[in-house]
Amino acid sequence: MNILLVDDSKTMRNIQKKSLSTLGEVQFSEAGDGLEALAVIGTGIKFAVVMVDWNMPNMDGITLVRKIRETDKATPLIMATTEAEKGRVLEALKAGVNNYVVKPFTPDQILEKVKQTLAKAAGAAPAAAAA
Amino acid sequence: MNVAYINPFITGTREVFDAMIRMPCAVGKPRLRETDERSHKLYSISVVIGLSGSVSGLLVMNLAEGVALSMASALAGEPAKSLNADTFDALAEIANMIAGAAKKQLPQGQVTITVPTLLRTPDVVYPTGQPVLSLPFDCPTGRFTLEISMRDTGRRVA
């Protein structure tokens, strides 16, 4: 599977990579801000999940989520951010994220969030196909 | 500065150290920074994060090189051998997470934090007319400080 990691911190992207590589055969793509992420998405790779940080230069995560959702309602998006206030979580959900994980997180916590999100997306896909 | 401002930064630091740095870290006695205090005698690197919204001010994390390298190594999970771009990135992310974990607990409500800036400690400029609280933390490789200068703006964001 392909996973896109969007965070302006290379350290954080490496931490996520280390944890999520235990999912199995994973190819990672990376972006340091929302604009770079859109360029990566524009190459046509189908991502199983996109991890999005909120506070980034050039284009922040919430703007990126809204941009993605203009044309793609299906790709699972997970906000991984220090923004923990209820208002921020609601704003992200309204923008179209499927899940939310607050930094700091343990490797197990982020892995579990991604597994939950993938499982839910897999459950939704057969239902959509049958409809 | 009251304890409602202090405790979020202590618990925020502990959360980051427990979850991601996985190193013990004990807070020392808080004190007010002296106006002419020369932190650069003890520390050489500072990470600065601006605070705005319902509060206005700065968070400054001051470190000596050895502590900086050990914290960056612990977060990244691989040795940081010098103060290079990767090390600075790790330090910035540590400060970012501490500020983020703290701000959700501040009593005033929604606070916005800036992208971290790395500076040489002597180059840090503190807001004038505001006290600066200094929180020392001791971890296995040495001491670092969080300095918080913050005032309530009276603005409340829903």
I need to check one value: relative contact order of chain A, counting alpha carbon pairs closer than 8 Å and at least 6 residues apart, in percent.
23 percent
Electrostatic dipole magnitude of region B:1-118 [Cβ: Lys, Arg +1; Asp, Glu -1; Cα centre; debye, to 20]:
340 debye
Give, rounded to the nearest 20 debye, the magnitude of the charge dipole that region A:1-120 has about its Cα centre when Lys and Arg contribute +1 at Cβ and Asp and Glu contribute -1 at Cβ.
320 debye
Of the listed links A:Lys46/B:Lys104; A:Lys113/B:Lys103; A:Lys46/A:Lys113; B:Lys41/B:Lys104; B:Lys81/B:Lys103, those spanning more than 25 angstrom between alpha carbons are A:Lys46/B:Lys104; B:Lys41/B:Lys104; B:Lys81/B:Lys103
If you filter region A:39-93 for trypsin sites (Lys or Arg not before Pro), then keep DSSP loop positions with at most 10 other Cβ within 10 Å, what is left?
A:Lys46, A:Lys73
Using θ = phi - 60° and the Karplus relation 6.51 cos²θ - 1.76 cosθ + 1.60, list the HN-Hα couplings for region A:10-22 in order, rounded to whole Hz, with x at every Gly or Pro.
5, 4, 5, 4, 5, 5, 5, 4, 4, 5, 7, 5, 6
With only Lys, Arg, Asp and Glu charged, each at its Cβ (+1 for the first two, -1 for the last two), find how big the charge dipole of the protein assembly as shown is about the Cα centre; round to the nearest 20 debye.
580 debye
Enter the mean number of other protein chain beta carbons within 10 Å of the beta carbon of each residue in B:93-103, as an integer.
5
Would you mind telling me the share, in percent, of accessible area of the protein assembly as shown contributed by carbon and sulfur at probe 1.4 angstrom?
55 percent
What accessible area per residue comes out for region B:109-158, rounded to a whole number of Å², with a 1.4 Å probe?
50 Å²
With a ≥ b ≥ c the root eigenvalues of the C-alpha gyration tensor of region A:17-122, is it rounded (a/c under 1.5), prolate (a/b larger than b/c) or oblate?
rounded
Taking each residue in A:9-19, count the Cβ atoms of any other chain within 10 Å of its Cβ, then average. What number comes out?
5
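The values are calculated or read from the model by the stated rules, or taken from the named source; none is laboratory data. Note that the coordinates shown come from a computational prediction; the quantities given were computed from them, not determined experimentally. Cβ coordinates were reconstructed from backbone atoms using ideal geometry, including for glycine residues, and neighbour counts include every protein chain displayed. The protein model used for the area step is the full one, side chains on, heavy atoms only, and it has no ligands, DNA or RNA in it. Shrake-Rupley method; radii C 1.70, N 1.55, O 1.52, S 1.80 Å.
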